[in-house]
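Trainee: Quick one: this structure, given as structure tokens, is what I'll be asking you about.
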């Protein structure tokens, strides 16, 4: 009987100890919105998205020619914002992180186009 309790306790402790490790990677993903220049047609976001997706550590990338933005979910342990902006710039679309709280319309008025 005592052996079962100890075994159950050990398995329960092991499960609890492993659970945060399994759940942690998704919690460490960051999202950044970039203001992207030179997006003038409906094909431009495809080029921007593909350039961003080639960066190791990018989980998801979306680009929008109407708001001149790209939103990227990435793993900060594998890449950073500088690598993302370099990728879009190398593809012909210079970008910079959108200031916190700025709406996409404000970015395009500021010269995001």
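Nothing in this text is a laboratory measurement; each read-out follows from the coordinates by a stated rule. Just so it is clear, the model here is predicted, and its values are computed rather than measured. So basically every Cβ, Gly included, is an ideal-geometry build from the backbone, and we count neighbours across all protein chains shown.
Trainee: Counting other beta carbons within 10 Å of each Cβ, put 56, 37 in order, fewest first.
Mentor: The fewest-first ordering by Cβ neighbours comes to 56, 37.
Trainee: While we're looking at this one, here's another question. Fewest to most neighbouring Cβ within 10 Å: what's the order for 82, 49, 62, 98?
Mentor: 82, 62, 49, 98
Trainee: Next up: Quick one: 36, 58, fewest Cβ neighbours within 10 Å first, how do they rank?
Mentor: 58, 36
Trainee: For segment 26-112, what is the relative contact order in percent, using Cα pairs closer than 8 Å and at least 6 residues apart in sequence?
Mentor: Dividing the mean separation by the residue count of segment 26-112 yields 38 percent.
Trainee: Turning to a different aspect of this structure: Could I have the simple spin-label model distance between residue 86 and residue 28, label points 7 Å from Cα toward Cβ, reported in nm to one decimal?
Mentor: 2.1 nm
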